[in-house]
1. Do we have any residue at all in region 44-62 that's touching a residue at least 60 places away in the same chain (Cβ under 8 Å) and buried (at least 20 other Cβ atoms within 10 Å of the Cβ)?
2. With surrounded by 16 or more Cβ atoms within 10 Å (Cβ to Cβ), at pLDDT below 95 and outside the structural domain of M167 (by TED's automatic domain parsing) as the only criterion, which of F245, F288 stands out?
3. Scanning for something out of contact with any Pro (no Cβ under 9 Å at 6 or more places or on another chain), more than 22 Å from A108 (Cα to Cα), in the same structural domain as A348 (by TED's automatic domain parsing) and buried (at least 20 other Cβ atoms within 10 Å of the Cβ), does region 226-233 turn up at least one residue?
4. Counting only residues that are of a type outside the set (K, R) and under 10 Å from I221 (Cβ atoms), which one in region 314-331 is surrounded by the most Cβ atoms within 10 Å (Cβ to Cβ)?
5. For region 131-142, indicate whether the set of residues that are in contact with a Leu (Cβ under 9 Å, 6 or more places away or on another chain), within 22 Å of Q56 (Cα to Cα) and surrounded by 15 or more Cβ atoms within 10 Å (Cβ to Cβ) is non-empty.
6. Only one of P164, P114, P156, P160 is at pLDDT 95 or above and either surrounded by 14 or more Cβ atoms within 10 Å (Cβ to Cβ) or not assigned by TED's automatic domain parsing to the domain that holds D217 (or both); which?
7. Would you check if L8 is of a type outside the set (G, A, S), within 23 Å of H289 (Cα to Cα) and touching a strand residue (DSSP E or B) at 6+ places or on another chain (Cβ under 6 Å)?
8. Which one of V10, V75, V82 is more than 25 Å from W163 (Cβ to Cβ), β-branched (V, I, T), surrounded by 15 or more Cβ atoms within 10 Å (Cβ to Cβ) and under 26 Å from the mean Cα position of the chain (by Cα)?
Amino acid sequence: MPPWFADLHVGHFSNDPSLTEPQIAELVAWADAGAPAGNPQDAPKPPQWAESWTIQPDLVLKMPKPVTLPANGDVDYTYEIVPTGFREDRWIRGVEILPKMRANVHHAVVYVRPPDSPWLRHAPVGMPFTAATLSDPEDRAGAHWTDSDVLLVYAPGSSPDDWPEGMAKFVPAGSDLVFQMHYTTNGHAAKDQTSVGLIFAKSAPEKRVLTLQLTNDHFVIPPGVPDYRVEARGTLPNDALLLSFFPHMHLRGKAFEYNILHHEQNAAEKGGPAQFGVEPLLRVRYHFHWQMSYRLAEPRLLKAGTELQAVAWYDNSKDNPHNPDPDAAVRWGEQTYDEMMVGFFDVAVPPGLDKKSYFIRH
């Protein structure tokens, strides 16, 4: 523990906790010998499971008002805007999201809202709200989709971000953090007040980290299908250093992969059809309760024009023990019994390049 779901034959990752073949052989030999006990004095201390920070934050920002959660039923995506109070630009080298009620948090995303951003500008600050409680049409639309910078995504099984020296995320002076909370009920009423912990970079970094995504929200998974494929692809508009992956689906998620699509440039000149090859970057068996980041052991430089592909497979059959309803056709939706297809990935770019500027194609 913790488990590792990546195909060992595809890619190398710095956070891979898998045992080596000699370690596995040693455990097998020990088990075959009847699992003899060692010297009690050599035993390690019992593990202390983290109920608080696993990083040492320089600053903790908490949602000002707790969110009251019912015992049963659906809960709409809940937002809370938290002012940072930053009087100067800050670079964030490490970040962790800490829910108060982990059992109720399906996932959380913390976004950076710069002071000049029009996003959710009529929404209340410092108190929870949902799209349904907003009166402004643009704000209601913004509660369902935004292109704002992502500070961190949290889901069960995920870990904090701790970027290498020389890399960091950027929070401009005067920014707010927008907490997007997806709650689920479990038979017990509760109150959640999630926090985010920040570690500041000691100096301006050489690279700015951006979280991008490949998303497909137009699909219908037929009832009973055990292996339904959904794809998304996109072309990078500028050079970027690829750092990590974070796939996200719901209860019918089965597998997920990221690939580079290589197109043969001179195929048409030779009189034949265009050809391409698929270079796998990550393949995982997906587990809803262990949504993990996969961090490349060596960052990969991707040139402008590189085409990335994300492919997700879903098991909507009765053989999926997590399936809420194998007789239902399933579409994109916010609730757990709906589905999502999001392939988050982190890249490093020049420090002066923000997300909007990165997507300007030259």
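1. Looking for residues that are touching a residue at least 60 places away in the same chain (Cβ under 8 Å) and buried (at least 20 other Cβ atoms within 10 Å of the Cβ), one finds none in region 44-62, hence no.
2. F288
3. yes
4. Residue satisfying both the conditions and the ranking: Y314.
5. No; the residues of region 131-142 include none that is in contact with a Leu (Cβ under 9 Å, 6 or more places away or on another chain), within 22 Å of Q56 (Cα to Cα) and surrounded by 15 or more Cβ atoms within 10 Å (Cβ to Cβ).
6. From the options P164, P114, P156, P160, the qualifying one is P114.
7. The answer is no for L8.
8. V75
The values are calculated or read from the model by the stated rules, or taken from the named source; none is laboratory data. This structure is a prediction, so every number in the text was calculated from the model and none was measured. In this analysis, Cβ positions are derived from the backbone assuming ideal geometry, glycine residues included, and neighbour counts consider all displayed protein chains.
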